[in-house]
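Reviewing the structure listed below.
The values are calculated or read from the model by the stated rules, or taken from the named source; none is laboratory data. Everything numeric here is computed off the predicted structure, so don't read it as measured data. Cβ: placed from backbone, ideal geometry, glycine included. Neighbour counts: every protein chain shown. For the accessible areas, the whole protein counts, side chains as well, though only heavy atoms, and no ligand, DNA or RNA atoms are used. Shrake-Rupley method; radii C 1.70, N 1.55, O 1.52, S 1.80 Å.
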Amino acid sequence: MPGYENPWTIPNMLSMTRIGLAPVLGYLIIEEDFNIALGVFALAGLTDLLDGFIARNWASQKSALGSALDPLADKILISILYVSLTYADLIPVPLTYMIISRDVMLIAAVFYVRYRTLPTPRTLAKYFNPCYATARLKPTFISKVNTAVQLILVAASLAAPVFNYADSIYLQMLWCLTAFTTAASAYSYYHYGRKTVQVIKG
């Protein structure tokens, strides 16, 4: 049987903070306030580093919810950033479309896994209860690399108008690298499938 756990851990709160910062960043980018956006992005990155560090080093702060919430926060943040940066003509449309499509599929897969791992009778109250842990997600190595590359591209793109290198060939090379890691990450989840999900049993 799946077990109940405390969802109000520090890493989970940090992930929620990152989700809350995402629309703020999107607004700043659309308003072309890139200097402040860089600072807010750095703060969002700090929450990502801290929640992972805390969860790895304090067992009481590790949770099944966190294993889903952390990557979900990353995907929401990255999706909003890429759409905003594309609107600001700093990232090409095809790359953003590729990233958003992959993330939508992964988020849909998370919801499906949640449904499949719930014991019967399945109810909405049980499905959306964050205390009711049913599965722990394990991202693939290339997925972790991909997230890092995507965030590096965001940082580089945010800094481009501030430091006047928006037309740099190195930025365009980073677009190509991001496209490659995004495709490789999507394939890794398709290839490994069930190995990325650990069902919690009582």
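Brief remarks follow.
- Residues of the range 89-110 include none that is part of a loop (DSSP other than H, G, I, E, B), open to solvent by 20 Å² or more (accessible area, probe 1.4 Å) and modelled with pLDDT under 80.
- Taken over the range 1-42, the criterion of being over 16 Å from residue 80 (Cα atoms) and at pLDDT 90 or above is satisfied by 35, 36, 39.
- Residue check for residue 94: under 18 Å from residue 181 (Cβ atoms), of a type outside the set (Val, Ile, Thr) and more than 16 Å from the chain's Cα centre (by Cα): yes
- Of note, residue 136 does not satisfy the criterion of being open to solvent by 50 Å² or more (accessible area, probe 1.4 Å), part of a helix (DSSP H, G or I) and either in contact with a His (Cβ under 9 Å, 6 or more places away or on another chain) or at pLDDT below 80 (or both).
- Residue in the range 112-119 that is modelled with pLDDT under 85 and not in a helix (DSSP H, G or I) present: yes
- Cβ-Cβ under 8 Å pairs, at least 6 apart or on other chains, the range 26-39 side farther than 13 Å from residue 154 by Cα, far side open to solvent by 60 Å² or more (accessible area, probe 1.4 Å): 28/36; 30/87
- Test: residue 56 is among the basic types (Lys, Arg) and touching a residue at least 60 places away in the same chain (Cβ under 8 Å): no
- Test for residue 145: is it modelled with pLDDT of 90 or more, within 21 Å of the chain's Cα centre (by Cα) and in a helix (DSSP H, G or I): yes
- Residue within the range 65-78 that is open to solvent by 30 Å² or more (accessible area, probe 1.4 Å), among the hydroxyl-bearing types (Ser, Thr, Tyr) and touching a residue at least 12 places away in the same chain (Cβ under 8 Å) present: no
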